[in-house]
Structure formats: C-alpha cells, structure tokens
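For reference, the structure is listed below as structure tokens.
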Amino acid sequence: MPLKVSSESPSELAASLKASATASKPSFVVVYASLVNGKSWCGDCRDAESFVNSKFASGEDVVKVVDAGQRDEWRKQDNPWRAAPFKITNLPTLVKVTAEGNFEKLVEADVYNQRKLDAFVGF
C-alpha cells in the first residue's frame, strides 16, 4: 500500500475512507505534524515514519497521509483534525476505518512499536 499525501478536508477524507473500507480490508490514514525545514516538528512523528513506510510499502491500496499543521496550528483547539469524526488528540495517529464506519486509532509511540503496529494493522 503506497502512502499518498492527501489534501482532502477532514470531512472529505472521512467519506472517502468509509467508502473504500471493506470487511476484509479497512482503510488507513496517518496523521502527522507538518514539516519544518524538510522534517516533522514532532519527534514521535519522525520516529514513526520509517515504521509506517515499511509497513505499508507493498500492496495495491493507498494509505493516505495528512498533516495536522505546524506546532501553533496543531495546538489550537479548533484544529479541524481535533474535531469529529477523527478526534485526533496526539501525533502521530494511525487511523483505521472499518467497513462498519468505525474509526480506530493507534497513537504516539505505539505507532512505532512494531508489535503494536502489526497487531493494529492486521498483517
């Protein structure tokens, strides 16, 4: 599953993830902090990137990647990624959308814990 940066709004992204999720194949999106001078301002995001890239490197489906904003944007309570349906509270967050439309999350250091990442993704 190649990773693809998405510029969709949270509501557009939620709709497309729900539409593409099936019982045998959920949809995924990774929410990272934005880049500063070519790298994420979030240390956990930098640590998670290689794990996420490796996990989703093969396969046919696309895993979307979005940026939650620069540090000051992310910290605002009205950041659109903090609102429903994503309700992101920590970065990075890997979101799995099931066929039933449920949003499940793996957050912060758990994203770069290989055992937890494998269990969450399911392959």
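The values are calculated or read from the model by the stated rules, or taken from the named source; none is laboratory data. Here the structure is a predicted model, which is why all the values come from computation and not from measurement. Positions of Cβ are generated from backbone atoms using ideal geometry, with glycine treated the same way; all protein chains shown enter the neighbour counts. What goes into the accessible areas is simple: the full protein's heavy atoms, side chains included, and nothing from ligands, DNA or RNA. Shrake-Rupley method; radii C 1.70, N 1.55, O 1.52, S 1.80 Å.
Side notes on the structure shown:
- Entry note, the chain: relative contact order of 34 percent, from Cα contacts under 8 Å with a spacing of 6+ residues.
- Among the GluC sites (Glu not before Pro) in the range 1-95, those located in a DSSP loop and surrounded by at most 12 other Cβ atoms within 10 Å of their own Cβ are Glu60.
- Accessible carbon and sulfur surface of the chain relative to its total accessible area, %, 1.4 Å: 48 percent
- Span-like helix check, the chain: no full DSSP H segment qualifies, none having both a Cα axial length of 20 Å or more and a mean Kyte-Doolittle of 0.0 or more.
- Largest first, the residues Ser9, Ser54, Ser27 sort by 1.4 Å accessible area into Ser54, Ser9, Ser27.
- Taking every DSSP helix (H) stretch of at least 4 residues in the chain, weighting each as -39,500 (n - 2.57) and dividing the sum by the residue count yields a mean residue ellipticity at 222 nm of -8500 deg cm²/dmol.
- Over the range 80-123: Rg over Rh, Cα atoms, Kirkwood Rh: 0.99
- Cross-link pairs beyond the 21 Å C-alpha cut-off, checked among Lys18/Lys64; Lys76/Lys116; Lys4/Lys96; Lys39/Lys96; Lys4/Lys116; Lys25/Lys55: Lys76/Lys116; Lys39/Lys96; Lys4/Lys116
- Based on protein heavy atoms only, the chain ends up with 54 Å² per residue of surface accessible to a 1.4 Å probe.
- Shown here for the range 81-115: GluC sites (Glu not before Pro) in loop regions (DSSP other than H, G, I, E, B) with at most 10 other Cβ atoms within 10 Å, namely Glu100.
- Loop-located trypsin sites (Lys or Arg not before Pro) in the range 23-113 whose Cβ has at most 13 other Cβ within 10 Å (DSSP): Lys76, Lys87
- Potential lengthening between Ser20 and Val5 on full extension [0.36 nm per residue; Cα-Cα distance subtracted]: 3.7 nm
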